[in-house]
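Structure, as structure tokens:
Bear in mind these aren't lab numbers, they're just calculated from the coordinates by the rules spelled out. Just so you know, these numbers come straight off a predicted model, no measurement behind them. Note: ideal-geometry Cβ built from the backbone for every residue, glycine included; neighbour counts use all protein chains shown.
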Amino acid sequence: MPTTPYTGVHKKALTPLYPTNTIHRSHIPTSKIPWTSRYTAYSPTEYTNPSLCGPTRPPYAQSENVSSVIANHELGGIQSFYQTALEGSPSRPLNPMGRTGVSGRGVLGHWGGNSAVDALLIRQHPEHAALEIFLIWRRADSIQALPGGMQEDEELTEALKKEVLEEVGSSIAEMLHEKQKTIVYRGYVDDHRNTDNAWMETTAFALFFNQEESKRMPVALDPTDVNEVDAEKGGWFPLDPFLNEDEKSAPKLFGSHGQIVQRLKEWKSPHTTITCRMRRSSKKKSIKTSERKKSLSFA
């Protein structure tokens, strides 16, 4: 499947404070974000988390010696979705969406693309069949998010199952084997951890559970990674508000997850229609399956 086009400049990757809250990004005029724009005055803040360097660095973190990483064909760990340009002395990979105001790896483990996997778990409510989406609560960021995490050495679907097990629970993870998995997004993630030389990429899968399957789901779920997610704040939520025609009016989600959820409107099938809440009216507007670009579908 080809990479999903990423439109516009990144925004979260330009927040003034890098996630450490002590590192300030260099300001970049919007016109100077693309690498194709000449910017001789550009002076990014150099930062790689010290805990990701040296002989005691965690197993997933690459060497700070970027030249050896490139020479050993280890750039990004897992093949990036993008043709990666190299520049500088020593040569470093360049963020495909442009400058960020921070150079180095930041808090990311790999030079270049850092691969993740995300799960859009959609179900029909067990009683009234309205569509719902499963969201976790990220403790570190105090915000709702799609279940997901870093893809390490596993095959994509195995990584998906691992993340659902850790952040949703075994009962749902065990149901994934037999489910059809549709890729609704693969590509760049506008993430506050991104730097000039390291960035997030993801593959987002959508999976649908019908009403009968929903009835067999336990009320209380059992995520194993309770340090990362708050099980009491996670769960099934009505999907409709997250598909608001005006993305700015939709509830906030972590990173680019809100934009990824919006991709569901382009998931085509003749079997299902949805309703989206329109900003211009308090009424719900039914979306017909004939309106191909706005239909949500499940086979």
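Pick out the one residue from S63, S37, S43, S68 that is outside any loop (DSSP other than H, G, I, E, B) and of a type in the set (S, T, Y).
None of the other options fit; the residue is S68.
List every residue pair whose Cβ atoms lie under 7 Å apart, where the two residues are 6 or more positions apart in sequence or sit on different chains, the first residue falls within segment 47-65 and is more than 17 Å from T195 (Cα to Cα), and the second residue, located anywhere, is among the acidic types (D, E).
Y60/E152
Quick check: is even one residue across segment 120-139 under 30 Å from P59 (Cβ atoms), among the hydrophobic types (A, V, I, L, M, F, W, C) and surrounded by fewer than 19 Cβ atoms within 10 Å (Cβ to Cβ)?
No - not one qualifying residue is present in segment 120-139.
Pick from T36, T22, T40, T45: which is among the polar types (S, T, N, Q) and touching a Ser or Thr at 6+ places or on another chain (Cβ under 8 Å)?
T45
Considering only segment 52-59, I want to know if a residue exists there that is hydroxyl-bearing (S, T, Y) and surrounded by 15 or more Cβ atoms within 10 Å (Cβ to Cβ).
Within segment 52-59, none of the residues are hydroxyl-bearing (S, T, Y) and surrounded by 15 or more Cβ atoms within 10 Å (Cβ to Cβ).
Going through S103, S115 one at a time, which residue ends up being of a type in the set (G, A, S), in a strand (DSSP E or B) and over 21 Å from G148 (Cβ atoms)?
Within the list S103, S115, the selection yields S103.
All but one of (1) on the phi < 0 side of the Ramachandran plot; (2) touching a residue at least 24 places away in the same chain (Cβ under 8 Å) hold for G112, so report the exception by its number.
Condition not satisfied by G112: (1).
Just one of the numbered conditions (1) out of contact with any Ser or Thr (no Cβ under 9 Å at 6 or more places or on another chain); (2) not in a loop (DSSP other than H, G, I, E, B) is not true of P55; which one?
Unmet condition: (2).
Please go through segment 142-169 and give me each residue that is under 14 Å from the mean Cα position of the chain (by Cα) and not aliphatic (A, V, I, L, M), ordered by number.
Across segment 142-169, the qualifying residues are Q144, P147, G148, G149, Q151, E163.
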